[in-house]
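Student: Structure incoming, see below.
Readers should treat all values here as calculations from the given coordinates under stated rules, not as data from a laboratory. A quick note: this is a predicted structure, and the numbers were derived from the prediction, not measured. As a convention, Cβ positions derive from the backbone with ideal geometry for all residues, glycine included, and neighbour counts pool all protein chains shown.
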Amino acid sequence: MAFEGLTSRLQDVFSKLRGKGKVSEEDVNEAMREVRLALLEADVNFKVVKDFIAKVKERAVGQEVMKSFTPGMVVVDIVNKELTELMGGTQSKLAKAAKPPTVIMMVGLQGAGKTTTSGKLARLLQKSNHKPLLVAADIYRPAAIKQLQVLGEQIKAPVFAMGDQVSPVEIARSALQHAKENGNDYVIIDTAGRLHIDEALMEELKQIHETVKPDEVLLVVDAMTGQDAVNVAKSFHEQLELTGVVLTKLDGDTRGGAALSVKAVTGCPIKFAALGEKIDSLEPFHPERMASRILGMGDMLSLIEKAQQTIDADKAAEMERKMRNAEFTFDDFLEQMEQVRKLGPLDQILEMLPGMNKVKGLKDMKVDERQLGRVEAIVRSMTKEEKRKPEILNYSRRRRIAAGSGTSIADVNRLIKQFDDMRKMMKQFSSMMGPKGPKGGLK
Ligand code: GDP
């Protein structure tokens, strides 16, 4: 999946740093050398890498970092923030015309995913109750008009087409009129692409631009093509004044260079990311989420890998089924705790899970041998029914269990709370993993 190499490289660098109580300037320099290599290997533009490293270094060797309690974490945080900045800082939203319809011109090279993305964008707009009109202005690629019509049918969005004998400029002009008459508040024009940028293509795009005066000119680029995508973006931008970029095929094993360089090189924000061939696979691009994904997913992946190595697959599948069906009981809890214990210290595991620090109560959940013995005693003092339905554990039952297990009511209460928290965590974990494992699949 996307960014895999980059993520694991960065993860290695940071786990070294995180392990240190004190971080010297030399440590930061060493880490930055490795980050620099990782970014270059991920096909990030050379100049972008240079500027990025300089910025991170400047902040990281400052006094505050050196003096902080967790200098390694502070460096990771700085990298996270700078990565976010690199990709545009905050989400760049789609423009909206003061007077509808908002006109969006989709441009790009052939095969980048322009037609598919036009359909996906229409779908996304429909979801927020808009009425987009798709316009088939690619009259050169033989199947383009039909492809757009099929997409339109699939999502029940109107497609404006005039065949392949009318000029794209005329099609665009008529489409705009059609949208006004039919109450379409967005017009998405799928223009023609070429295998390479050429004069004729640019001339035609400029004419369409001149005619429809679009609110958005979105360049669709294939993230898999790395620096080529960035160069294409630069050329288009010089001639057409793009308003945004759509990165497609982020579901593939792109090294990530395009995502990380395109904003810095062209000044154009990435507005959307496409992560699959399905019509629903277009998402607004959030730089901050992408940055933490680049930095954090590695942790997630390593946790899953670790789990796969340690945990009995059949048992895990059974456990997962139980969690999904809300059949997770105290017996399972006990077993799960033992399994988790095999993975390593729980606080470290939780650190690997993005968002887990937000689940209240988990911070205090330390698993050590002694406590596990206590947990076991408490669970064994419960009746079958209590194990299955913890919600019936009222005060008198808790008191009985405490007495039976040689623990205190406070211990019992704590365990029940942990159980609840664990259930919450499992729920969060399983929704994150999706029905078929981690989002995007694990390679
Ligand atoms: P166009 O020539 O730019 O209009 O490109 P198309 O829309 O025809 O897309 C070219 C190919 O890329 C098609 O096979 C699409 O299914 C595929 N494609 C487009 N976007 C994505 C994406 O985000 N992920 C994947 N895996 N494939 C995509």
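Student: Enumerate the amide H contacts of Lys131 below 5 Å, restricted to partners 5 or more residues apart or on another chain; note that Pro and chain-start residues carry no placed amide H.
Tutor: Counting only residues 5 or more places away or on other chains, the set is Asp185, Tyr186.
Student: Full-extension gain between Ala98 and Asp51, please, as 0.36 nm times their residue separation minus the C-alpha to C-alpha distance.
Tutor: 13.1 nm
Student: Can you list the residues, at least 5 places off or on another chain, whose amide H is less than 5 Å from the amide H of Phe160, using H built in the peptide plane?
Tutor: Leu134, Val135, Ala136
Student: For the stretch 246-263, take each phi angle, set θ = phi - 60°, evaluate the Karplus expression 6.51 cos²θ - 1.76 cosθ + 1.60, and give the result in whole Hz per residue in order, putting x for glycine and proline.
Tutor: Those phi angles translate into 10, 8, 9, 6, 6, 7, x, 9, 5, 7, x, x, 5, 4, 8, 9, 4, 5 Hz.
Student: For Val217, list long-range residues whose amide hydrogen, built 1.01 Å from N in the peptide plane, is under 5 Å from its own amide hydrogen.
Tutor: Met105, Thr243, Gly244
Student: Counting other beta carbons within 10 Å of each Cβ, put Thr266, Thr383 in order, fewest first.
Tutor: Arranged by neighbour count, lowest to highest, Thr266, Thr383 become Thr383, Thr266.
Student: Sorted by mean Cβ packing within 10 Å, highest first, what order do the peptides 126-135, 255-264, 105-114, 276-285 take? Could the numbers behind the result be given before it?
Tutor: Details: 126-135: 18.4, 255-264: 26.3, 105-114: 23.3, 276-285: 15.9.
So the order, starting with the most tightly packed, is 255-264, 105-114, 126-135, 276-285.
Student: What order do you get for 37-44, 387-394, 194-201, 117-124 when each peptide is scored by the mean count of other beta carbon atoms within 10 Å, highest first?
Tutor: Going from most to least packed, we get 117-124, 37-44, 387-394, 194-201.
Student: From the phi of every residue in the stretch 31-44, what ³J(HN,Hα) in whole Hz does the Karplus formula 6.51 cos²θ - 1.76 cosθ + 1.60 yield, where θ is phi - 60° and glycine or proline is x?
Tutor: So the Karplus estimates, Gly and Pro as x, are 4, 5, 4, 6, 4, 4, 4, 4, 5, 5, 5, 7, 6, 7 Hz.
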